[in-house]
Amino acid sequence: MVNRRWIGFLMAALPIAFLLAFVGLPTVESFFYTFGYTGGPNAVVSEMAQNQVVSHHGATLGVYTELWKMASFRADFIATIWVTIASVALLLVISWVIALYLRFSDGWLARVASSLYLIPMFIPSVIASYALVTFWNSGGFVDALAKHLGDPNFPSFGYTLFGVVIGNVWTGLPFAVLMLASGLRNVPDSYIEAARDVGARAWTVSLRILLPMNTLPIIIVATFNCIGVLGAYTVPYLMGPTAPQLLGVAMTSYFSAYNEPQQAEAMAVMVFILAAAVGTWYVIANLRLDRKSGSV
Amino acid sequence: MKKRKLSKAILAAAMVTGLSGGATVAMAQTSTTTLTLYTDGDVNVQDLWEQDLIPLYEKSHPNIKINVVFDAHGVDSTSVQDKIIAAEKAGKNSGYDILDSGIVPTLATANMLQKLNPTEVPNMSHVDPALLKQTNDEGLPYRGSSVVLAYNSAEVKNPPKTLNALLAWIKANPGKFTYNTPSTGGSGDDFVMAVVNSKVPKQDQAKLITSSSKSLESTWTPGLNLLKSLGPDIYRHGYYANGNTGTLNLLANGSIWVAPVWSDMALSALQDKQLPSTIKLIQLTPPFAGGPADMGVVKNSPNKQAAYAFLNWLLTPQAQTIVVNKMNGYPGVEWKYVPKSVQQKFSAIAKSYATGWSSFYGADLDQAWQSTVAAQSN
C-alpha cells in the first residue's frame, strides 16, 4: 500500500518537476526582471536589452509606470480589453444560437450544420486569418458585393479591430458550440415539454430553463476564450490594424524589434494578472454552482 | 564496406584529437576540422549554403567539414544570441564557429564577436570600408540587397525618381502607396530611414551611420512628423503591411501601385511570376539604403583559422558570382570585384546603395515610428 502511494507520488512529481524547471523558474525569473532585478539568471538577457529600469535595492515599479505613461501602450491595452470583450460576447451569442438550432432541429440541414461548425478547428489560424482578411478587405468579396448592390461606402473589416473580433469568433467557434451543444443535450426533453404544456414560448423556455441549466458551459466558454484572446498573436497580427496593436503583437515587437525584453515581460505580467482574474471568476462560479447542486 | 567503416572510424578518431588540440604531425594529414555555421533567413539562404557554397568549398578543402545549423526565419536567433553572450561571459565554447544572421550586427556593436583583419582575411580589402566600420570590423558583408521602388507600370506612367517626387506622388494618389512597418521588414525600415534622414541636419547624417549616441535621436522628430502627415494618403488611410512579403502581396493584387521593396525579393518574385510583369523596379536618386548580410566569427571558437579561410574564400570572385546569381542580390565586395559578365547582367541595379544607419538606432527607430506615426491612424 505504502509502495503504491510512493509510485503515485513519483508519477505526479515528474511532470510537476518538469513544469517547475522549464516553465516555473523562467516565469519567476522574468517576474523579478520586470521589477528591476537584472542580476543572476537575468544577466544575459539584460546584457543587450535597451531602456531597462534597474533596481539596486528592492523592487521598482519603474517599467510599469513608464509603460502607462506612453499613450501608444495605453491605446494597445484598451484595444486588447475591447477586442476581448467584444469577441467573447459575439462568440457567445453566435454559438448559443447555433447550439439551440442543433438541439431542436432534426432535418438534414441540422445534421450538415452539426459537422460544419467544426471546420475552423481543422484550418490553421494563419491560413484562416489570411482568407478572412482577403474576404473582408476593401476589394475583397464582401466589398465588391456591397458595391454591386449599390452601397459604395460599406466598411471593410480587414486590418481593423473589428476584423480581429471576426477572426477570434471564427477560431473560437468549434469549441464554444461543442461545449454549449453538449450542455443543451443534457437538458431532458421532459423539462421542455412540461414548460410547453403550460404554454411557455420558445423564448421563455430558452431564457428560464435552458440558460440557467447551462451556466457552467457558458462560463467555461467565456473564460477560456477570454484567456485565449488576451494573449492571441496570429489573428491580430494578420488581421489587425498597424495601431493600436493588441498586447500579444505588441509584446513580440517590444521583445525583439525594440529590443526591450523587460517592457515585453511587464506586459506579459499584466496579461497574466487579467487572465488570472478571469480564471478566479471561473473557479468561484464553479464552486457556487457545486454548492447549489449540493455536491460541496 | 568493412573497409569504409574502418576508415570512417579513423577519421572520427582523428577529428576528436584534432578538436582537442592534440593532433600529431602524422594525424594532421587526415584530420578534419568541422565548422559549425549558424544561419537564419528563408529557404533561399539555406539552399545557397547547403546546395551551392558548402559542397563547392568542401570539394576543394577535403579536410574541412561545414555543419549548417539552419533556423528558418530566425525564430531562435534571440536564444542563439543569448547562448553566445553567455558562453562569451563564461569564457567557454558556444558550439558555433561562424554566424550568418541578423544577430551579427547586434553582437558586433556590443563587441561580442572576433575582430577581423586583412592579414587573416585578405579579401576583406574588397569590401566597402564604411560597411566594415559599422560593425567594428566584427561583421563581414558577404552579400547585400538594396531597397528600390517598385511600381505598377500599367497604372503609373511616370514613376517618381527622387524622394521628394515620391512624397508628392503619395499625396496626389491617395490610398495607392504603403510600406511595411519598420519593425517587420527592412524595405519599410529603409523608406522610413530615408524620409527621416532627409530632415536630419547634414552634419548629423554621417554620425547616424557610424556612431551610437542616444542624443542624436532627437533629430528624428521633423522626419517622423512628415511621415505622420502622409498617414491619410497611405493605403486604407494608414494601413502599413506586415513584413516585406506583405508589401509584395499588396502590389501583386493591385491594392497599391507603388511601394519600397527589397531588390532581391522583388526580382525573385518577378522570376517566379509571384509578381505580375507589369511591376517594374527603379532606384531613386539618391538611392535608398541597402543592407549587407554580415558574417561573424564567434570569439571563443576553437577553429578560428579555418573560419577565416572560409570567409576569405566567400569573398573570391567565384563565390561572389554564385551569391549574386542565386540571391538576385548585391555582392559583399564592391561591384568592381565581381566578373564583368555578372556586372552586366545586373546592370539595372549594379550601383552602390546608400549606407544605412548604425544598427544601434534600429530598435529605437522602430519604436519611435510605432508610437508617433502608426498611433494616429485609424
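Worth pointing out:
- Taking the DSSP beta bridges with both ends in the protein assembly as shown, the antiparallel portion is around 55 percent.
- Stokes-Einstein D in µm²/s, Kirkwood radius over Cα pairs - the protein assembly as shown at 4 °C with 1.567 mPa s viscosity: 45 µm²/s
- Heavy-atom accessible surface that A and B bury in contact, both chains counted, 1.4 Å, Å² to 100: 2400 Å²
- Cβ-based charge dipole, chain A, positive-most Cα from A:THR171, A:TYR117, A:TYR130: A:TYR117
- Per-residue average of Cβ from other chains inside 10 Å of A:242-252: 4
- For the range B:196-236, a drop of 30 Å² or more in accessible area on going from the chain alone to the assembled protein chains (1.4 Å probe) is found at B:LYS214, B:TYR235, B:ARG236.
- Extent along principal axes [Cα atoms of the range A:70-293; Å; largest to smallest]: 65, 52, 29
- Charge dipole of the protein assembly as shown (Cα centre as origin; +1 on each Lys and Arg Cβ, -1 on each Asp and Glu Cβ, all else neutral): 780 debye, rounded to the nearest 20.
- Between helix B:317-327 and chain B: long-axis angle, C-alpha atoms, 0 to 90°, nearest 10: 50 degrees
- Helix-only mean residue ellipticity at 222 nm for chain B, each DSSP H run of n ≥ 4 adding -39500 (n - 2.57), per residue, nearest 500: -12000 deg cm²/dmol
- For the range A:95-156, the Kirkwood hydrodynamic radius comes to 14.0 Å, computed from all pairs of different C-alpha atoms.
- Dimensions in Å of the range B:86-158 - Rg and Dmax from alpha carbons: 17.8, 60
- Per-residue average of Cβ from other chains inside 10 Å of A:199-211: 0
- For chain B, a Kirkwood hydrodynamic radius built from all Cα pairs, placed in the Stokes-Einstein relation at 37 °C and 0.692 mPa s, yields a translational diffusion coefficient of 148 µm²/s.
- The range B:271-297 and the range B:192-254: distance between their alpha carbon centers, rounded to Å: 17 Å
- Listed residues A:VAL97, A:VAL23, A:VAL221, most fluctuating in chain A (Gaussian network, C-alpha, under 10 Å): A:VAL23
- Partners for B:LYS171 among lysines (Cα-Cα distance below 28 Å; same-chain residues under 8 apart left out): A:LYS147, B:LYS157, B:LYS161, B:LYS199, B:LYS202, B:LYS228, B:LYS280
- Shown here are the Rg and Dmax of the Cα trace of the range A:1-60, at 17.7, 58 Å.
- Cα convex hull of the range B:228-378 - mean projected area over all directions, nm²: 11.7 nm²
- Rounded Å value of the spacing that divides the Cα centres of the range A:200-226 and the range A:103-151: 25 Å
- Here the accessible area of the protein assembly as shown is 63 percent carbon and sulfur, with a 1.4 angstrom probe and all protein chains present.
- The trypsin sites (Lys or Arg not before Pro) of the range B:56-123 meeting both criteria, a DSSP state outside H, G, I, E and B (loop) and at most 11 other C-beta atoms within 10 angstrom of the site's C-beta, are B:LYS92.
- The range B:35-79 versus the range B:108-152: alpha-carbon centroid distance in Å: 19 Å
- In the distance distribution for the range A:49-166, Cα-Cα pairs more than 22 Å apart total 62 percent.
- Solvent exposure ordering (accessible area, 1.4 Å, most first) of A:TRP96, A:TRP6: A:TRP6, A:TRP96
The values are calculated or read from the model by the stated rules, or taken from the named source; none is laboratory data. Since the model is a prediction, treat every value here as computed from it, not as a measurement. Glycine also receives a Cβ, built like all others from the backbone with ideal geometry; neighbour counts cover every protein chain displayed. The protein model used for the area step is the full one, side chains on, heavy atoms only, and it has no ligands, DNA or RNA in it. Shrake-Rupley method; radii C 1.70, N 1.55, O 1.52, S 1.80 Å.
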